[in-house]
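K.L.:
One structure is given below, represented as structure tokens, and several questions about it will come after.
The values are calculated or read from the model by the stated rules, or taken from the named source; none is laboratory data. Note that this is a predicted model, so its numbers are computed, not measured. SASA here: full protein model, heavy atoms, side chains in, ligands and nucleic acids out. Shrake-Rupley method; radii C 1.70, N 1.55, O 1.52, S 1.80 Å.
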Amino acid sequence: MQRGSALIRGGLARVSRGCPVHVAPSTSAFRGSSGSLKSLRFPSRGAMTEEAGDAAGADPEKKWTKHDLRHTSAVVICPPSSQWGPIQEIRSVNDKSYARWMPHINLLYPFLLDDDGDEAPRRNFDAATAVAREALRGIEPFTVTLRTFSRFEHAKSCTVWLHPSEPPLEGNDPARGSDLGNADVDAGPRDAVSRGIVRTQAALERAFPFADHLSAISPHSGYVPHLSVGQYDDVASARAAELELRDAWEPVTFEVDAVYVISRAGADAPFEFKARVPLGAAGGAWRRGDVEVEDGSLGGGWWTDAYDPPPPPEGARCLRPRPKRRWKGKRRGKGGGGGRGDGAP
């Protein structure tokens, strides 16, 4: 455990200890279980394409395709900034994307080029916001709990992430399974994935069928909701980190009443909130540049602030030199060409 402690030292210095949590398995456990993502049935990708063939909406001469996608924009769910503290304490030490990405759960990534400021200002994002608003009218706000950790195992590294789950039912012990002691992190119980997030992502993908990277990236598990908190060099160190994190973690619960369209000026720039798209029938979308009314109902809120996290500690993963990435094709617009992203989950 000394190795795991060294890997996450400082990341939980101020997080309350002693709160029992669930043990989360690796993503392979999502396959074939009764609570798996596959138990949630949605239209096939072909049906989605037919249903949203004219996704460009506001511009009848423009039909978006995969060629319009950029790794400089995304549609995400974010916890309110008032609850970022314990998440950021972990990320500031371990997450390579800490300085560029706010705490987030990706729904669509990559997404459309942010053309704000071009000769035809915000044509993409204005149209996309309108399309997303219609797609989400039938989904009511829901509650998410971040209580367990899991991981993705890549070819040369592992990503540890918080598992967005259904909140515990009233009267149920949210810490069931906490008596596992030093049981294997891969063998313990896990919470049901947030159905609200999966339904929200599916509705957005039906509206933007060309932006299906997150559901197509794995032929086995499909879309896996997650909030990344760190990267590790191998499976052993990631497993050790999971064990130590779960022992110190205090669950975070928040309401999801909107999704956010975010973008950045370039690969090294931090993301900015560009639009807030509410769930359900009430309320309209907010876009950066809208005039704020006195009660803050249109443009006010925590999401209007620029993402400016505290400086990371010395030796943090985000301070390591980033490998240079070769872009595919020519750079186009503010977001560059359809090149590779920075590997952010």
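K.L.:
For segment 232-274, with all protein chains present and a 1.4 Å probe, just round the carbon and sulfur fraction of the accessible area to a whole percent.
P.N.:
Details: 630 of 1400 Å².
The nonpolar share, carbon plus sulfur, comes to 45 percent.
K.L.:
Here is a follow-up. Kindly write out, for segment 221-234 in residue order, the coupling ³J(HN,Hα) from the Karplus curve 6.51 cos²θ - 1.76 cosθ + 1.60 (θ = phi - 60°), rounded to whole Hz, with x marking Gly and Pro.
P.N.:
Here the 3J(HN,Hα) series is 9, x, 5, 10, x, 7, 10, 5, 10, x, 10, 9, 6, 7 Hz.
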